[in-house]
Amino acid sequence: MTAANAAPSPDARRITDWLSARQAEMTAFLGTLVNIDSPSDSKADTDRYSDFLSKAFATDGLHIITYPQEKVGTHFRATWHEELAPANQQILVILHMDTVFPVGEVARRPFRVEGDRAYGPGVCDMKHGHVQTLYAIRALQALGLAPKRQITVVASTDEETGSLTSRGLIEEEAKRSAAVFVMEPSVWPGSIKTSRKGTGRFSVRVKGRAAHAGANPEEGISATDELARLILAMHAYNNPVTGTTVNVGAIGGGTRANVVAAEAWGDVDFRAVTVAEADRVVPAILGLKAHNPEAIVEITGGLNRPPMERTPAIVALYQHARSLANEIGFDMGEASTGGGSDGNFTAALGIPTLDGLGAVGGGSHGVSEFVLLRGLLERTALLARLMQTV
Ligand SMILES: [Zn+2]
């Protein structure tokens, strides 16, 4: 990441020209990927998708290792220019192949293009990123350009459900990496994500004691009363200045109006911008006590994706990427987001991570999901240049 990289590069022009000549081919390939259903919860479908995509990488000469799973689809790892490792730490590119859409979604609304926009389930989040990664490598190969380090691609099948079976693989590869590129969609209109909130979940169970609400309420212990106090105590951690959010989003309890409630429960979402803030709030919430000492309060859970903090190393990597984008002919802002991704895991290990290097688009997880095809060219060229220079 030297200042020389900011100077106009003939390679940027060659890569852009090579990709521009293949815009139709890239769009068609995106259509092929979108038209394969790959919901996180259908192992058969996601296995089929994983097999298809890993074979595409294998065709380009990458070395593939597959990681079959019992309940979710097969993850895979693809490596390129292994001779550059381990003296030269690798670059890790993170993809997820699963979408939030059920089997049959593709039949209902298959891939389609209108003007510069492409639509379809998972087109933005994140099948666009699969096309980018493959074509960035193809462009470098075709032009006889090499990456600066070994390129390792990890493609998982359970990101949308919390990366429960892929996290270990992602973290193991991240530890060997000089930088991590996460091909999640950008933030409209094309900013990349240099920080993400950490996300956590808590589950609250309260046990009280039932009694007649009119005849002998003093013999009861109200679980709903306890839960209400816990909700207020937890919501007191909401802070717009620090960005911490606590949301008791679903609650329940009791049986009928004239019975003191014996049980109550709540499901809680928690987000924090810094590890320090998470370390402060998580134990405080787990340690909340019952108001009535005879009530039993059980709070379980904690952080499942640590915050991705905007460290100086991430800022430097972003500035480098931005200068490469300027050479290609577009500007790229930075943004932070409250949502979590696999970038949270890698950044928490101290590895410089850029997230949102994927599609320019919007509407992810909904029927209006789209990408800009102009972005497909630009962002693929950017990824190729990042592989070449970082
Ligand atoms: Zn995603």
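Read the figures in this text as sums done on the coordinates, not as results from a lab. Keep in mind it's a predicted model, so treat the numbers as computed, not measured. No Cβ is skipped: glycine too gets one built from the backbone with ideal geometry, and neighbour counts run over all protein chains shown.
Brief remarks follow.
- Whether the chain is rounded, prolate or oblate, judged on the alpha carbon gyration tensor where a/c under 1.5 counts as rounded: prolate
- Hydrodynamic radius of the range 193-237 per Kirkwood, over alpha carbon pairs, in Å: 13.3 Å
- Annotation for the range 1-80 versus the range 222-262: alpha-carbon center distance of 45 Å.
- For the chain, the longest principal axis of the C-alpha atoms and the axis of helix 223-235 are separated by about 40°.
- The range 231-319 shape via C-alpha gyration tensor axes, a/c threshold 1.5: prolate
- In sequence order, the range 266-280 has phi-based couplings of x, 10, 10, 9, 9, 9, 9, 7, 10, 4, 4, 5, 4, 5, 7 Hz under the Karplus curve 6.51 cos²θ - 1.76 cosθ + 1.60, θ = phi - 60°, and Gly or Pro positions carry x.
- Among the listed pairs 193/289; 43/175; 71/289, a Cα-Cα separation exceeding 32 Å is found for 193/289; 71/289.
- The range 198-305, relative contact order in percent, only Cα pairs under 8 angstrom and at least six apart counted: 42 percent
- Efficiency of FRET from Cβ geometry, residue 201 and residue 59, R₀ 56 Å, rounded to 0.05: 0.90
- Of all aspartates and glutamates in the structure, the ones whose alpha carbon falls short of 14 Å from that of residue 197, not counting any fewer than 8 places away in one chain, are 269, 277, 279, 309, 342, 355.
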